[in-house]
Amino acid sequence: MKLRKFFIFLSFAIIPLLLNSCQRPLGYAVLLWDAPEHKLQDGQLVKVYFKSNITHSYIVGIPGERERFNLPFWQISKPSSKKKAMHAFDPYMEYIHQYAKIKVDGLPVREEPVNTARQVYRLHKDEIVKILFKGDGQDVMIGKNKKLPGDWLCVLTEGGSKGWCFSYNLSLFETDAEGKVIGGEIEEKQITNEDTLLNQILEAKWYPDYYARLLNDNTIDLETMKIAYGFDTGIRTGKIQVNLPEKYHSASYAGADKVRDNTYSLIATPFQIMIRNKNQIVVNYSGHDGTQEAYTFITLSDDINLDEILEKERARRNNLMDELYKVTSFDSQNYGQLVFNSGKTFTWNGFTLLVPSVVPSGAKGRGTVNIKYLLSAGLRSQYDGVLTFKFDGISEEINFLYKLTNEGLNLESIDELCIKNNFVTTRSSNPTILFFNK
């Protein structure tokens, strides 16, 4: 019995040791980029406790202190012994606390300090990079005989890309532990209250310009009209966003610089705003691959409540579906029995004649149905709307123009080519027409 108690005691003593051994620190590393939220500057030694491949970050702490926090992989050197970590930072000492602001848009970061070397990254105007060290590289020439003044500098981007830039297009500066500029070629620029128009633009809510046309025509497309779609300048949220159907770009807001009359660059981001008037702007976005994109946005007048308009359109479509639910079933001698169920589901038995010309093989006699598309002005007097069927067993949507009458339901098949921008613009050239009795 005593021997058994001894082993139980021994097991409880060993388990904590085993658990602690699993948490053995990975080593030490040196900060490559300031972490002002922790009042740390590049060159600071940190102890690395844990590596997460899911969040792409390390859990680190200051040697001798208990606080631990996350830093992304790129922000510190590779963990090693304390001596090796400090030695690995030696080449960076000449440019410790030195950063640079990019003077021109599209400046390449190259794989080697040669002007023809492969590009590994493309910088935006006003983007900030960390200067790591100076290197010996190929002269950059203006014309055949004149050298461009400057040096090849190895830089680190905020995101981890590393490579070479020629200093001619860099404005170097130094930061303190809080990330503030304390010296160098640039000064931090802030938006002043003197620019009233800019402040109005930054404070406004911006929607895609096509909203104006849809609202004027009273054709509310629930697929492409959403409260979240538009442009957020970031002045309130801290996050600049272009959010459009199948298109999203974002960056952190840090202020705006005037480029020329009515054109502003959002500092250290790929965004530029061109003001056409107080109710319309064009947002230019520059991709890292050199692509240029432009989007037009508008404001809506105060008397337009978009939430209310969208809710009213949802109610209109639901009311149309409710009229179909009221009928027990729709029956056709050729095309079987069709039943609409609440919850936007349907059952359809006997649609064999529609396979495969209208309905693909493999479709089961059930699925979901809704009113997804709108009718163009020329079709509204002839039909009630468009029914979109999603049969179980197939991936395709099957669309029909429909008309509910006192006698029953008329359906007319639609080709995909008839649907543009979520509108049915014309009838199919050779449609299948179905008649159902109530």
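Since every read-out is calculated from the coordinates, none of them should be taken as a lab result. From a predicted model like this one, the values you see are computed outputs, not experimental measurements. Cβ sites come from the backbone with ideal geometry, for glycine too, and all protein chains shown count toward neighbours.
From its DSSP helices (H runs of at least four residues, each -39,500 (n - 2.57)), the chain gives a residue-normalised ellipticity at 222 nm of -4500 deg cm²/dmol.
If the label point is 7 Å along Cα→Cβ of GLU223, which residues in segment 416-437 have backbone nitrogen under 15 Å from it? Under cut-off, by backbone N: 416-426. When you filter the trypsin sites (Lys or Arg not before Pro) in segment 218-266 for DSSP loop state and at most 16 other Cβ atoms inside 10 Å of their Cβ, you are left with LYS226, ARG236. To the nearest Å, what is the center-to-center distance of segment 338-413 and segment 253-277, using C-alpha atoms only? Result: 48 Å between the Cα centres. Taking GluC sites (Glu not before Pro) across segment 339-407, the ones in a DSSP loop with at most 11 further Cβ atoms lying within 10 angstrom of their Cβ are GLU407.
Working from Cα pairs under 8 Å separated by at least six residues, relative contact order for segment 196-298 is 20 percent. Mind checking which helices in the chain clear 15 Å along their axis (Cα) and have mean Kyte-Doolittle hydropathy of -1.0 or more, DSSP H runs only? Counting only whole DSSP H runs, the qualifying helices are 2-22.
Distance between the pseudo-spin-label points of SER52 and LEU320 (7 Å out from Cα toward the beta carbon): 4.7 nm. Under the simplified labelling scheme, the ASP136-ASP415 pair shows an inter-label distance of 7.0 nm, with each label point 7 Å from Cα along Cα→Cβ. Across segment 261-277, coupling constants 3J(HN,Hα) worked out from phi with the 6.51/-1.76/1.60 Karplus curve, θ = phi - 60°, read 4, 6, 10, 10, 9, 7, 3, 6, 9, x, 9, 9, 10, 10, 8, 7, 7 Hz, and Gly and Pro carry x.
Applying 1/(1 + (r/R0)^6) with R0 = 30 Å to the Cβ-Cβ distance of GLN292 and ILE96 gives a FRET efficiency near 0.25.
Under a Cβ-only charge scheme (Lys and Arg +1, Asp and Glu -1), can you give me the dipole magnitude of the chain about the Cα centre, in debye to the nearest 20?
Dipole size: approximately 1840 debye.
Across the chain, C-alpha contacts under 8 Å between residues 6 or more apart give a mean separation that, scaled by the residue count, equals a relative contact order of 8 percent.
FRET efficiency for the pair VAL114 and THR425, taken as 1/(1 + (r/R0)^6) with r the Cβ-Cβ distance and R0 = 51 Å, rounds to 0.40.
The phi torsions of segment 280-293, fed into the Karplus equation with coefficients 6.51, -1.76 and 1.60 and a -60° offset, translate into couplings of 8, 9, 10, 9, 9, 10, 10, x, 5, 8, x, 6, 10, 10 Hz, rounded to whole numbers, with Gly and Pro shown as x.
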